[in-house]
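See below for the structure under consideration.
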2 protein chains.
Amino acid sequence: MTYCCGILVRDGLVMIADTRTNAGLDNISTFRKLHVFQKPGERVMILASAGNLSITQSVIGFLQEGVLNPETGESESIMNAPSMFQAAQRVGRAIREVRRIYGPGLEEDGVKFEASFLFGGQIKGRSLRLFMVYAAGNYIECTVDTPYLQIGEHKYGKPILDRAIKFDTPLNDALKIGLVSMDSTMRSNLGVGMPIDIAVTPRGDAILQTHYRIEPGEPYFHDLRERWSAALRKAHMDIPPPPYSGSNVVK
Amino acid sequence: MTYCCGILVRDGLVMIADTRTNAGLDNISTFRKLHVFQKPGERVMILASAGNLSITQSVIGFLQEGVLNPETGESESIMNAPSMFQAAQRVGRAIREVRRIYGPGLEEDGVKFEASFLFGGQIKGRSLRLFMVYAAGNYIECTVDTPYLQIGEHKYGKPILDRAIKFDTPLNDALKIGLVSMDSTMRSNLGVGMPIDIAVTPRGDAILQTHYRIEPGEPYFHDLRERWSAALRKAHMDIPPPPYSGSNVVK
């Protein structure tokens, strides 16, 4: 399992991914799922992946090395894409290329072709954008109405995003809320686990402000988890008791 | 979709169910999914259902009318079951009976046989128990380690239960936390909706303390939702900001 979220607010973009992979329940490993592609000041692109690791790693390989476009004869990577929109299309094209090569063999072995990506970033002078790319290579784009996207085990961490993330949430708050969302997911699904990779890019300059791995036991994240638990306990204790006791009013 | 949860604490049992059903996205209705069977002071049993409504309603019909046991020649309903354990088996037997009758026809039409139940209660002088019964008629029982069970859309409402429900949580608090869990689910899945049915039975006397329907706009539940939202906002605002800004420490 995996959980990744991308949050696109007025001030910039936050991407968060866990690192746990599992083949069955008895084969648990740690693999990086958050990948950064950058030429600071010219472009910064962040890719988070969920699904079959052999598929997602192959897709990343093609995105680094480039996929030949038969129409133009050009090798297309995300580092030479002229826009985020075209870069997102290239992510989709890489997925379809991997599917073309390995799809039939996987199908033969009864392995579902599962892969999804969050892909966000900015090319200097253009818009900061965030996309979710599906296994068929199609994609949706994050907008101001719902300024976040998730892949993988998305449900446990969604309520806090739904409630707390707005387009005008400050960038560092968006990171904090994203970490709370990751914490909720890790508590309820053992398939999502530490360490956690984070990347933050402010809108405008096509640079990475933060690229960091939160290791188990890291003091800030540990404190965030404790505080959030304590606050939730306090929050429900502060709600008055239900007044229904003794009601037997059923039609 | 559906969300039901049952919470079994030292002081008693809480059962909560929504009432929304949908056949596709364009056919939304309201149906009761929380059913009470009782002879006050002798037995109280509460059944919550999720899955295909025609299946779950048929199961309830069989549980009311009884299923003939070919070995004993007796018509077995849950009202004449000698124990909760045997009553849970009868729920399973009713599911298998419905499956025997309608399963092949459903399969022919490509309809999956989906049904699950929470079944809890007490027969005077015996234990208060809570079971989850699956579509195959098999079941698990709630224990003190994880004093709640859920059916239907369980993920959105699970984090708060995981954090807040302990076996020694007072009964009215368990109801309150269950309502918060229901609120979180309704916010994130439109397939779960008001009104909400609740039933509460204290451990010991085989009576129903509360059996109530919370209608849309009901003041206490409205207030609970507002307070919970406000508390969550405050909770994350009270957490200090992440200290990672500027870190670019990636191996």
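The values are calculated or read from the model by the stated rules, or taken from the named source; none is laboratory data. In this text, all values refer to a predicted model and were calculated from it rather than measured experimentally. Note that we place each Cβ from the backbone using ideal geometry, even for glycine, and neighbour counts take in every protein chain shown.
Miscellaneous remarks
- Test: residue in region B:240-247 that is in contact with an Asp or Glu (Cβ under 8 Å, 6 or more places away or on another chain) and modelled with pLDDT of 90 or more: yes
- When B:P242, B:P195 are screened for being under 30 Å from A:F37 (Cα atoms) and either buried (at least 19 other Cβ atoms within 10 Å of the Cβ) or more than 9 Å from chain A (Cβ to nearest Cβ) (or both), only B:P242 passes.
- Annotation: of all residues in region A:214-239 being outside any helix (DSSP H, G or I) and exposed (fewer than 12 other Cβ atoms within 10 Å of the Cβ), the one that is nearest to the other protein chains (Cβ to nearest Cβ) is A:E215.
- Condition met for A:G178 (part of a loop (DSSP other than H, G, I, E, B) and either in contact with a strand residue (DSSP E or B) (Cβ under 6 Å, 6 or more places away or on another chain) or on the phi > 0 side of the Ramachandran plot (or both)): no
- Selection within region A:147-187: residues that are of a type in the set (G, A, S) and at the interface with chain B (Cβ under 7 Å from one of its Cβ atoms). The member of this set that is surrounded by the fewest Cβ atoms within 10 Å (Cβ to Cβ) is A:A164.
- Out of B:Q64, B:Q89, B:Q38, B:Q122, sole residue that is more than 25 Å from B:Y212 (Cβ to Cβ) and of a type outside the set (A, V, I, L, M, F, W, C): B:Q89
- Residue check: A:T201 meets all listed conditions (1) more than 10 Å from chain B (Cβ to nearest Cβ); (2) farther than 19 Å from A:I7 by Cα; (3) not in a helix (DSSP H, G or I) but one, namely (2).
- Residues satisfying the stated conditions in region A:111-170, i.e. among the aromatic types (F, W, Y), in a loop (DSSP other than H, G, I, E, B) and closer than 13 Å to A:I7 by Cβ: A:F167
- Qualifying residue in region A:136-148 (condition: without any contact (Cβ under 8 Å) to a residue 24 or more places away in the chain and closer than 24 Å to B:E153 by Cα): yes
- Residue check, A:A136 modelled with pLDDT of 95 or more and in contact with a strand residue (DSSP E or B) (Cβ under 9 Å, 6 or more places away or on another chain): no
- The residues of region A:69-123 that are polar (S, T, N, Q) and surrounded by 12 or more Cβ atoms within 10 Å (Cβ to Cβ), listed by number, are A:N69, A:S77, A:N80, A:S83, A:Q86, A:Q89, A:S116, A:Q122.
- B:D168 under 17 Å from B:V9 (Cα atoms) and at pLDDT below 95: no
- For B:I46, the test of being within 23 Å of B:A199 (Cβ to Cβ) and free of Cβ contacts under 8 Å to residues at least 60 places away in the same chain is failed.
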